[in-house]
Structure formats: C-alpha cells, structure tokens
Amino acid sequence: MIKMNNTEALRQVQDDLKSQYDPKKKLVTICAGTGCRGYGCIKVKEELEAEIKKQNMDVEVRATGCFGFCEKGPLVIIHPEKIFYQQVKIKDVPDIISKTVAQGDVLEKLLYRDPQTNETIMKEEDVPFYKKQNRLVFGQNGMIDPTRIEDYLIIGGYSALAKALSGMTPEGVISEVKKAGLRGRGGGGFLAGIKWEGSRRAHGEPKYVIGNGDEGDPGAYMDRSLMEGNPHSVIEGMIIGAYAIGASEGYIYVRNEYPLAVIHLTMAIESAREAGLLGRNILGTDFSFDIKISKGGGAFVCGESSALFASIEGRAGEPRAKYVHAVEKGLWDKPTVLNNVETWANVPLIISKGADWYASIGTENSKGTKIFSLVGKINNTGLIEVPMGMTLREIIYGMGGGIPKGRKFKAVQTGGPSGGCIPESLLDLQVDFDRLYEVGSMMGSGGMIVMDDRSCMVDVAKYFLAFLQEESCGKCVPCREGVRRMREILEDICAGKGEEGDVELLEHISTGVADGSLCALGGSAPNPVLSTIKYFREEYDAHIRDHRCPAGVCKALITYSIDPGKCTGCGLCIKVCPTQAVSGEKKKAHAINNDLCTRCGACIESCKFDAINVK
Amino acid sequence: MSKVSDIKLKTKQIVKKHKGDKSALIAVLQDIQEAFNYLPKEALIAVGDAMGIPASRVYEVATFYNAFSLNPRGEHIVKICVGTACHVRGASAILDKFERTLLIKPGETNQDQKFSLELVNCVGACALGPVVVIDTEYHGQMTMAKVDKIIGKLKEGAQ
Ligand SMILES: Cc1cc2nc3c(=O)[nH]c(=O)nc-3n(C[C@H](O)[C@H](O)[C@H](O)COP(=O)(O)O)c2cc1C
Ligand code: SF4
Ligand code: SF4
Ligand code: SF4
Ligand code: FES
Ligand code: FES
C-alpha cells in the first residue's frame with residue numbers, strides 16, 4: 001500500500017480499488033471466525049482453493065470474519081448471487097465449485113431450512129435469524145478479509161477519518177458524537193461525547209485514547225468478532241477520537257485468550273501506518289497519532305478502567321478510587337478516554353452519515369444498534385445486531401428461533417456477572433440501557449444467555465458469585481469477604497443445607513457489598529443474586545424448605561432413576577457409569593442404586609431411549 | 001526441562017526485545033511463558049534484575065494474572081470453558097469427566113507431565129458450547145463420550 005499524503009490521495013486509492021472491482025465477478029466468501037474454525041472451516045477453505053485450482057478457474061476465496069450465525073457454521077456465500085450455504089463440509093466442496101460457482105446451480109441440501117415452514121431459503125438476508133437485524137457495525141464482517149486494508153478501503157473505509165480531518169474541527173467532531181447520543185457499549189452506557197469533551201478540556205500531555213477489548217463477560221464474544229473480523233473499523237474510530245480529544249497515543253487492550261484478534265489488529269495497525277493513516281502527520285495533516293496493543297493477563301477486573309490502566313503500565317490490575325476522573329488523570333495520570341471497541345466502531349458511522357441519521361435509530365435515550373451474543377439454550381446461537389429497543393421476545397423467538405428440544409423458556413441473563421436474570425413475564429421488554437437497568441439487570445457488553453427449565457436459578461446465582469469471588473482483586477473488604485460469604489450461603493442452599501432466613505441474609509449482605517465496594521465489580525456483584533431472588537423466589541424456597549431442585553441441577557437434591565417402561569435393558573448406561581451404580585439383566589429394565597450414584601449424568605447422555613429421569 | 005543457564009539467557013533476550021521498558025513487564029512474562037510453558041523461578045529473578053524491578057513486584061504481577069503459571073505444565077493443556085453459555089449447557093459435567101479421566105483437578109498437572117487441566121471463562125465460541133480447547137484446537141459440543149475418545153487419541157499420539 002502506498003503512503004497517502006492527503007485526503008485526495010485516499011479518495012484516489014479508493015476509486016482505483018473500486019474501478020478494479022467487478023461486482024459481477026465470482027467470489028466465494030467463507031467465515032473464518034473462531035466459531036467456524038471450531039467446526040473446521042479452515043480445511044473447507046483450503047479445499048475450496050484446491051478445487052478451484054483443479055478446475056482451472058479464476059475465483060477468489062475470501063476468508064472473512066464472523067458472519068454472526070455461528071450455530072450453522074461453516075458458512076459459505078457464493079457471490080454475486082449471494083447464495084448462502086450452511087454447515088458446509090469438505091465433501092460438499094467439489095459440487096459447490098462445479099455446480100454453483102461454475103453454473104449457478106443451487107445445492108438445495110446446503111441451504112438453510114426454516115424449521116417453521118420447512119422451506120429452504122437461498123439468501124442470507126431472508127433467513128429469519130438475519131431478517132430483522134440492522135447490521136450497521138457488524139455487517140461488513142462477512143465481506144472483508146480482515147488482513148487486507150484494501151478490502152476495508154473499497155467499502156469506503158477511512159472516509160470518515162478523511163471527512164473529520166479535512167472538514168471538521170475537533171470540537172465539531174465532539175459535538176457530532178454528542179448529538180448522536182452515542183453511549184458506551186462496554187457496560188455503563190456513559191455518553192461518549194461527554195467523556196471526550198472532558199478529556200479535550202483537561203490539561204496534561206500526552207493524552208491517550210484506549211480501546212477496551214478485554215471482553216471479560218463470559219458468554220459475550222462480539223468484541224472478539226469485531227476485532228478479528230473488522231479491526232480497521234475500531235482503529236478508524238480511535239483515530240477520529242484521538243483527533244477530537246487531541247490525543248497522540250493510543251492502546252488497544254486485548255484479552256489474552258484472543259490470539260487471532262491480536263494478530264488481525266497488529267496487521268491492521270501496521271498496514272494503516274504504512275498507508276499514512278497512523279503515525280506522524282496522518283494524511284499529510286499536522287495531526288499525529290499511533291496505536292499499540294497491550295495484551296491482558298486474563299483477569300476480569302482488568303476490564304475496569306483504573307485496573308486496565310494499571311495493567312497497561314505493567315502492574316497488577318487493582319482498581320483505585322476515582323476521586324479524579326480518568327478523563328483528567330487516567331493512564332500514567334494523563335488525560336485518557338477509554339471506550340469499548342464496539343463504541344469505537346460506531347464512530348466512523350456517525351461521522352460519515354451524520355448525527356441526525358444515527359440518532360434516528362434506537363430509542364429515546366439509547367441510540368443506534370447493539371450487537372448481542374445470543375447463547376445458551378437457544379436454537380440459533382450467534383451474534384445479532386439490532387436497533388436499540390427491540391423486544392426480548394423478538395430476539396429470542398424471532399431471531400433465536402426459540403428454545404431447543406421443545407423445552408420451556410425460563411430466563412435470559414444479560415449484563416454478565418454484573419447483570420441479572422430476566423423472567424418470562426418481561427419478554428416484551430424493549431431492550432435498551434435504561435429498560436434493562438430498571439428490571440434489575442444491565443446491558444453490560446451485550447451477552448444474552450438464554451436458560452430453559454433445566455437451568456436452576458440458585459445454581460446460576462452461585463455460579464456468578466463463584467466467578468466474582470475468584471476475580472475480585474481483594475483490595476476492599478466488602479467485596480472480598482462479602483462476595484465469599486454470599487457464595488457460601490448459596491452453596492449451602494444448593495447442598496440442601498439452606499435455612500429459613502438465608503434469602504433475607506443474602507439481601508442484607510448485598511446492600512453492604514454494593515455500598516462498600518470500591519469498583520463496580522463489587523458494586524454490582526449482588527445483581528445476579530438479587531434478580532434471581534426477585535423473580536424466582538419460589539425456587540430458593542424449594543431448595544431451602546423442600547430440599548428440592550425443581551430444575552434437576554443441584555446434585556445433593558436430585559436422584560436419578562430409570563423408567564422401567566422405557567428401559568430396554570440395552571446396558572449402555574452400565575458401561576459409562578463410573579461408580580457401578582447401575583445394575584440389571586440384559587434386555588430387562590435396569591435400576592440405579594442411589595447410594596452409589598454420584599449424579600454425574602453420564603448415563604443420561606448414553607441412554608438412547610430417554611429412560612432415565614432426574615428429580 | 002531447561003537448564004538454569006538457558007533460562008537466564010532466553011530471559012535476557014526477551015527483556016532486550018522489549019527494550020527493558022518497565023511497563024512491558026506483563027508482555028515480557030507472557031513471552032517467557034510462551035518459551036517455557038510456565039514461569040520458571042530463575043526467569044522471574046532474572047527479569048527483575050534485568051529490568052530493575054524488585055523481585056517482589058515481579059512476583060506480584062506473576063501471581064495476579066490468571067494466565068501465568070508458576071509450575072511446569074504438561075505437554076497438553078486442556079482448557080475447559082466454564083463461561084456462562086457453556087455452564088448452562090453442562091460444562092460442569094464435562095469438567096467432572098476430565099477430572100475423573102485424568103485424575104487431576106483444575107490447575108494441576110498429571111504425574112507423567114502429559115496433561116494439565118485449566119479453566120477458562122468463555123473462549124468466544126459459545127455457539128459450540130460446551131467447548132474444550134486442547135492446546136490450540138477447539139472441541140465443540142463436548143459430551144462425556146467424546147472426552148474418552150479425545151484423551152485416548154492424545155495418549156496414543158504421545159507414545
Ligand atoms: C469489573 C469490570 C469489568 C469490566 N470489563 C469490561 C470489558 O471487558 N470491556 C469493556 O469494554 N468494558 C468493561 N468494563 C467497563 C469499563 O470500566 C469502562 O466503563 C468501559 O470500557 C468504557 O467504555 P464505554 O463507555 O465505551 O463502554 C468493566 C467494568 C468493570 C467494573
Ligand atoms: S470492589 Fe472488589 S474488585 Fe473492585 S477494587 Fe474492591 S476488591 Fe477489587
Ligand atoms: S448419574 Fe452417573 S453415577 Fe449416577 S447412575 Fe448415572 S452414570 Fe452412574
Ligand atoms: S441406557 Fe437407557 S435403555 Fe439402556 S439400560 Fe440404561 S436406562 Fe435402560
Ligand atoms: S464464527 Fe462463523 S459465523 Fe460466527
Ligand atoms: S461460554 Fe464457553 S465459549 Fe463462551
């Protein structure tokens with residue numbers, strides 16, 4: 001890539017790329033995101049390339065970032081017809097090339113089949129999972145090879161930066177972002193423009209901007225997919241932010257478990273630097289700014305702003321008291337703006353299309369779209385991007401396709417370990433920052449973990465508290481001791497040792513933990529407990545009073561038994577049982593000895609006749 | 001296992017690569033762990049000396065972050081995802097199964113140094129849950145039956 005010395009040169013490069021691009025030319029895109037890699041998409045891609053070569057064709061195979069519909073990977077799209085193939089296997093490749101690519105014949109068996117109508121659907125945009133989405137931030141993922149800056153430029157990448165540098169003052173950029181109403185996507189939902197303004201006004205050199213890609217919420221992976229699939233969108237947003245604030249240095253803090261994101265971000269930064277979009281005198285102006293990558297060490301608390309600064313500075317990531325705000329004294333005590341990477345990726349859109357356009361999407365106080373990871377007990381697992389204000393019902397049943405195996409929906413957990421569980425009665429809630437907060441949960445980074453009637457709400461509360469105890473940095477007593485005590489109480493309840501008054505005790509400790517903690521980890525730690533008590537109190541009572549786990553999860557409170565009417569005596573369960581708890585004669589109904597059974601669940605997994613019950 | 005002199009030499013090279021920059025301590029430790037699979041005591045001392053950081057602070061950082069291990073790890077590192085999405089899909093039963101099969105608890109390495117068992121919170125492949133990452137390979141939709149197969153294969157491969 002040549003170095004571009006002014007905005008005109010950028011336009012020229014974009015135009016050249018566009019003129020070389022033939023939209024009618026055959027192109028095969030394949031998702032190479034982490035989910036699809038787990039399904040073996042890299043081998044499918046290699047096979048596609050080999051087959052094209054074998055058949056002497058001139059067709060590009062482009063490995064892109066996550067398409068979103070990870071449930072059905074590996075995903076392949078044949079352009080220009082945009083034929084959408086799912087669950088593609090190596091053995092499908094010869095037909096894809098010789099029939100679809102060469103002749104335009106559609107392979108029915110690889111199309112998505114709508115379980116409701118049983119009809120096949122040819123194009124991605126017509127699949128119910130995608131239909132109501134508005135993929136402003138995430139949509140380009142499926143078109144670009146994240147390792148090539150050219151792919152980003154051709155779709156108009158870095159035009160927003162050029163617009164800001166050539167026609168807008170830093171104050172103008174800030175007022176646009178304020179007018180757009182952009183709120184932070186990393187947790188708290190703070191207005192980005194206000195933060196930027198504070199930092200612009202603050203004294204101290206150099207100033208910093210940071211992209212938070214720590215993505216600590218378990219069950220959320222949109223930040224990962226964005227950094228992996230469209231790293232330049234994050235980088236462009238950060239450069240624009242740096243210009244607005246007057247920052248000269250930036251960091252992207254990436255989670256240790258995301259090696260592919262690190263590689264793609266590193267390549268993107270290098271190629272942007274080569275192209276004159278990062279470094280000294282960006283696009284020939286007197287604005288200079290550069291970005292470094294800082295890899296986290298796998299501590300959840302490091303997603304918190306002051307802990308994150310400590311981690312970048314090379315220290316243990318302990319939060320500190322915020323008497324002075326980070327916009328004035330952040331990284332190395334210099335003015336710093338920290339935003340989530342998805343927040344940054346929204347910035348180029350706002351600058352390109354304008355604040356009024358942006359503010360027309362979403363609800364009154366939550367503008368734009370949000371990417372959610374729809375996971376857990378849901379038919380269509382994946383990443384969805386929807387306008388703020390979409391109801392939970394539309395998301396879970398419309399896009400998510402409901403609950404697998406005909407089971408019953410019980411709750412959706414949002415906001416990660418700081419969030420709460422939302423029950424069925426609130427499914428018509430319009431999802432935005434404020435509505436989620438009102439019902440005792442949070443937006444968090446956008447995880448939506450769906451649970452069915454086989455998920456125990458007390459167990460879920462215990463799970464989050466165990467997570468938070470493990471991740472608490474231990475600096476303040478209410479968090480360190482209070483969270484531990486709450487976990488112990490929950491463990492007792494799950495073990496059948498709960499007592500009357502435990503729920504009230506949990507509520508009482510919650511107040512102390514929330515009020516007495518230094519950072520939001522402790523401050524919001526009680527949420528998973530309080531929200532489950534609020535909406536699922538009867539489940540706590542069943543554990544405490546009746547020593548019963550209605551969902552069949554808590555080991556001390558359940559028993560396994562074999563239904564003699566269904567059991568065929570096949571003996572499979574005997575083979576897998578680690579404790580010799582099952583016995584029976586061949587071809588006759590078997591039985592489980594409860595004194596030996598450790599409730600490991602292996603027998604259920606093995607039984608093909610659905611003969612084993614848990615109560 | 002590497003000799004002490006090798007460890008010291010390699011550590012010095014890594015510190016040099018980061019230009020001795022004190023804020024790069026975490027990155028230095030990450031590189032050392034990548035080289036040796038864990039953080040040898042000799043390396044930690046050498047890092048402190050070479051970077052001018054008190055050993056106590058090096059130790060503080062090395063023990064604060066979950067990604068660092070102060071003990072040698074096995075040839076294969078089995079990471080069980082216990083993130084929320086995998087948890088609701090039965091990750092704890094998979095974890096139990098690994099514990100029974102390998103006879104170790106999370107954080108431990110088995111006697112012949114073949115396997116280490118570790119926990120992670122979400123590896124970003126929730127659609128495949130429950131997920132187990134062994135070395136760099138993702139194993140999705142894990143079942144207890146698959147555990148035996150996978151471990152069996154790895155044991156064979158190791159012989
Ligand atoms: C314990 C804890 C963990 C957090 N983890 C993350 C994270 O992984 N990613 C993130 O973007 N923000 C995280 N946050 C929120 C950040 O502190 C900060 O508010 C955010 O990065 C600001 O960016 P935003 O305004 O664009 O959301 C966390 C906060 C706390 C208290
Ligand atoms: S609230 Fe918890 S995590 Fe936050 S500083 Fe205090 S002890 Fe550390
Ligand atoms: S749950 Fe486990 S221990 Fe109990 S009978 Fe089934 S296989 Fe055996
Ligand atoms: S696996 Fe099922 S059908 Fe076979 S013996 Fe066991 S309970 Fe009976
Ligand atoms: S990783 Fe392929 S669709 Fe998400
Ligand atoms: S929770 Fe296991 S991969 Fe996300």
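The values are calculated or read from the model by the stated rules, or taken from the named source; none is laboratory data. This is a predicted model, so every value here is computed, not measured. In this analysis, Cβ positions are derived from the backbone assuming ideal geometry, glycine residues included, and neighbour counts consider all displayed protein chains. For accessibility, only protein heavy atoms count, side chains too; no ligands or nucleic acids. Shrake-Rupley method; radii C 1.70, N 1.55, O 1.52, S 1.80 Å.
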Pairs A:LYS82/A:LYS109; A:LYS3/A:LYS195; A:LYS25/A:LYS54; A:LYS89/B:LYS153; A:LYS377/B:LYS153: which are spaced more than 21 Å apart, C-alpha to C-alpha? A:LYS3/A:LYS195; A:LYS89/B:LYS153; A:LYS377/B:LYS153
Can you give the mean number of other chain Cβ atoms that lie within 10 Å of the Cβ atoms in peptide A:316-323? 2
Which angle from 0 to 90°, rounded to the nearest 10, does the C-alpha axis of helix A:259-274 make with the longest principal axis of chain A? 10 degrees
Whole-angstrom gap from the stretch A:388-409 to the stretch A:542-587, using each part's C-alpha centre: 31 Å
Any idea what the relative contact order of chain A is, in percent, if you count C-alpha pairs under 8 Å spaced at least 6 apart? 12 percent
For the stretch A:352-423, report the accessible area per residue in Å² (1.4 Å probe, heavy atoms, rounded to an integer). 29 Å²
Measuring from label point to label point, each 7 Å out along Cα→Cβ, what is the A:ASP492 to A:LYS588 span in nm? 4.6 nm
Percentage of Cα-Cα pair distances in the stretch A:360-445 greater than 19 Å, rounded to whole percent? 33 percent
Here the alpha-carbon Rg of the stretch A:395-518 over 2.2 N^0.38 Å rounds to 1.14
Of all DSSP beta bridges having both residues in the protein assembly as shown, the percent classed as antiparallel (nearest 5) is 55 percent
Looking only at aspartates and glutamates whose Cα falls under 12 Å of A:LYS131's and that sit 8 or more positions away or on another chain, we get A:GLU385, A:GLU394
Label the stretch B:55-123 by shape, choosing from rounded, prolate and oblate, from the square roots a ≥ b ≥ c of the eigenvalues of the Cα gyration tensor; if a/c is under 1.5 it is rounded, and otherwise prolate applies when a/b is larger than b/c, oblate when it is not. oblate
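With the Cα gyration tensor of the stretch A:41-101 in hand, convert its eigenvalues to equivalent ellipsoid semi-axes via √(5λ) and list them largest first in whole Å.
18, 12, 11
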Between B:GLU60 and A:LYS43, what FRET efficiency comes out of the Förster formula 1/(1 + (r/R0)^6) with R0 = 41 Å and r the beta carbon distance, rounded to 0.05? 0.40
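Starting from the Cα gyration tensor of the stretch A:299-408, take the square roots of the eigenvalues, sort them a ≥ b ≥ c, and report rounded, prolate or oblate (rounded when a/c is under 1.5, otherwise prolate if a/b is larger than b/c, else oblate). Could you put the intermediate results ahead of the total?
Working: a/c = 3.18, a/b = 1.55, b/c = 2.05.
Since a/c reaches 1.5 but b/c is at least a/b, the shape of the stretch A:299-408 is classed as oblate.
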Residues of the stretch B:69-86 that become at least 30 Å² less accessible with every protein chain present than in their own chain isolated, using 1.4 Å: which are they? B:THR84, B:ALA85
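Of all accessible surface on chain A at a 1.4 Å probe, what whole percent is carbon and sulfur?
Here it works out to 49 percent.
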At q = 0.05, 0.07, 0.09 Å⁻¹, what log₁₀ I(q)/I(0) does the protein assembly as shown have when each alpha carbon counts as one equal point scatterer in the Debye sum? -0.26, -0.52, -0.89
How many nm separate the modelled label positions at A:GLU205 and A:LYS54, each set 7 Å beyond the Cα in the direction of the Cβ? 6.3 nm
Which whole-number percent of Cα pairs in the stretch A:352-405 have a distance greater than 13 Å? 61 percent
Write down the radius of gyration of the stretch A:397-469 and its Dmax, each obtained from C-alpha positions, in Å. 12.3, 36
If each Cα of the stretch A:203-299 is one equal point scatterer, what is log10 of I(q)/I(0) from the Debye formula at q = 0.17, 0.18 Å⁻¹? -0.71, -0.79
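For the stretch A:476-615, report the accessible area per residue in Å² (1.4 Å probe, heavy atoms, rounded to an integer).
50 Å²
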Give the Rg/Rh ratio for the stretch A:57-201, taking Rg as the radius of gyration of the Cα atoms and Rh as the Kirkwood radius, to two decimals. 1.11
Sequence-distant lysines (8 or more away, or on other chains) whose Cα lies within less than 17 Å of A:LYS353: A:LYS163, A:LYS178, A:LYS179, A:LYS367
Any idea of the accessible area per residue across the stretch A:158-207, 1.4 Å probe, to the nearest Å²? 42 Å²
What percent do you get for the relative contact order of the stretch A:181-253 when only Cα pairs under 8 Å and 6+ apart count? 39 percent
So how far, in whole Å, is the C-alpha centre of the stretch B:48-100 from the one of the stretch A:84-141? 39 Å
Add -39500 (n - 2.57) for each DSSP H run of 4 or more in the protein assembly as shown, then divide by its residues: what number comes out at 222 nm, to the nearest 500 deg cm²/dmol? -11500 deg cm²/dmol
Can you give the convex hull volume per residue for the Cα atoms of chain B, as a whole number of Å³? 121 Å³
Zone reached by a paramagnetic label modelled 7 Å from A:ASP22 Cα along Cα→Cβ, restricted to the stretch A:35-60 with backbone N below 17 Å, covers A:56-60
Nearest 10, in degrees from 0 to 90: the angle of helix A:527-545 to the longest Cα principal axis of chain A is 10 degrees
On a 0 to 90 degree scale, rounded to 10, what angle separates helix A:477-494 from the longest Cα axis of chain A? 40 degrees
Ignoring ligands and nucleic acids, chains B and A bury, in total, an accessible area (1.4 Å probe) to the nearest 100 Å² of about 3400 Å²
Cross-link partners of B:LYS155 among lysines (Cα-Cα below 18 Å; sequence separation of 8 or more within a chain): B:LYS79, B:LYS97, B:LYS114, B:LYS146
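For the stretch A:291-392, which trypsin sites (Lys or Arg not before Pro) pass both filters: DSSP loop (anything but H, G, I, E, B) and at most 16 other C-beta atoms within 10 Å?
Of the trypsin sites (Lys or Arg not before Pro), the ones in loops of the stretch A:291-392 whose Cβ has at most 16 other Cβ atoms within 10 Å are A:ARG320, A:LYS322.
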A convex hull over the alpha carbons of the stretch A:125-200 yields, per residue, a volume in Å³ of 151 Å³
Contact-by-burial set, the stretch A:451-472, min loss 50 Å², accessible area of protein heavy atoms with 1.4 Å probe, reference chain alone, gives A:TYR463
For the stretch A:472-522, averaging the sequence separation of alpha carbon pairs under 8 Å that lie six or more residues apart and dividing by its residue count, the contact order in percent is 52 percent
